[in-house]
1. Which value, in nm² and rounded to one decimal, describes the direction-averaged projected area of the C-alpha convex hull of segment 270-326?
2. For each of THR135, THR256, count neighbouring Cβ atoms within 10 Å of the residue's Cβ, then give the residues from fewest to most.
3. With the crude spin-label approximation of a point 7 Å out along Cα→Cβ, what separation in nm comes out for GLU71 versus LYS148?
4. So what are the ³J(HN,Hα) numbers for segment 102-109, from phi and the Karplus equation (6.51, -1.76, 1.60; θ = phi - 60°), rounded to whole Hz, Gly and Pro as x?
5. How do ILE155, ILE301 rank when sorted from fewest to most other Cβ atoms within 10 Å of their own Cβ?
6. May I ask you to evaluate 6.51 cos²θ - 1.76 cosθ + 1.60, the Karplus curve with θ = phi - 60°, for each residue of segment 235-248 and list the ³J(HN,Hα) values in order in whole Hz, giving x for glycine and proline?
7. Can you give me the C-alpha center-to-center distance between segment 279-326 and segment 235-273, rounded to a whole angstrom?
8. Using the Karplus curve 6.51 cos²θ - 1.76 cosθ + 1.60 with θ = phi - 60°, what ³J(HN,Hα) values do you get for each residue of segment 142-151, in whole Hz, with x for Gly and Pro?
Amino acid sequence: MHPKLTGPLALALLLACTVNVDESTGTDPSTAADSSTAADPSTGGEQTTADPTTGPDEPTTAGSSSGATSEPGCDDADKDGFGAGCTLGDDCDDGVSTCAQDCSDLDGNAVPECAEAPGMGVMLFTGANGGGPPTDLYVDSLAALYTKAGFVTEIANSFPADFVTTTGTMLILNPLDLLGEKVLLGARALLLRGGRVVLVMEHCKNGCYGNAEGNNAFLEALGSSMRLSGEGGAPLSNTPLALAAAPPTQGLTAVTAFYSGSVMVGDGLALGTMDGGAGDVVLGYEALYNGDLVVAADSSIFGYVLDEADNSAFVVALAATLLGGS
């Protein structure tokens, strides 16, 4: 049998955050390496394909005519529920329906993230001492799978300068160190654009090979209600998960986990659950800002059992269902 190989900030604070540069360096958080990360020797930070997508889409506007909604006294031109006199509160931009409480311009291009679209590429983030061996993540296999599916794919342990315009789906691959401020701001910017963040963590059974405490601090600061545990979850064998009818698993029959941790979904959704839906949750899903977040308490899905059941289809769907691919 295959053993594992080794080892708030509150949402309100985040919504109020308008930082455009890293205070310690004066740099754009999307263009510099995370100070807490170290290069992963198993990847070399190499880009697996060329020709990244080009600039951001033009802002999409909605509700060009002003006027009240069905809520008395609520002036909501873009019909997103926010506006002067509205119960949900004021609107940071009442001409853009995707901009409600947070109009941060984190990349400093004079257009708020919420008014821009995500890129079309996939980023496999191996920073904060994450990535491949000695865990059951197979980073090169993931990159090959996404590339074969037609996605421009990059393995990186820091944020490239074109991150916000090229990336639609970011997989954070089992970070063992604390994820730094640049990772937090990069993930938040991607979610504001309508992108998807996937956080993958290993178990802490018969040895600890993940970092639940650090990942939970990241989830809390990001504004997610989900939390990870290195305990519980799948035993040391292939374990089928019952799947919810959410975008990343829509139409799939089964995803198999192997020796996993577990997820407390909070206000989110149990995306993949053991024992026919009655057991521990291994995959969690939550809509966040304009995008969504997937949390996986098992790295084997992304490596050791990647070829089992519908695992490969699930991994590809993490990018394809977000961006309308097939």
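FYI, it's all coordinate maths here, none of it is from the lab. Because the structure is a prediction, the values reported are computed rather than measured. Reconstructed Cβ throughout: ideal geometry from the backbone, glycine too, with neighbour counts over all protein chains shown.
1. 4.5 nm²
2. With the sparsest Cβ surroundings first, the list reads THR256, THR135.
3. For the pair GLU71/LYS148, the computed spacing is 4.9 nm.
4. 10, 10, 5, 10, 6, 9, x, 9
5. The order, fewest Cβ neighbours first, is ILE155, ILE301.
6. For segment 235-248, the Karplus curve yields x, 7, 6, 4, 10, x, 10, 6, 10, 7, 8, 10, x, x Hz.
7. If you average the Cα positions of each part, the centres end up 9 Å apart.
8. 4, 4, 5, 5, 5, 4, 4, 7, x, 9
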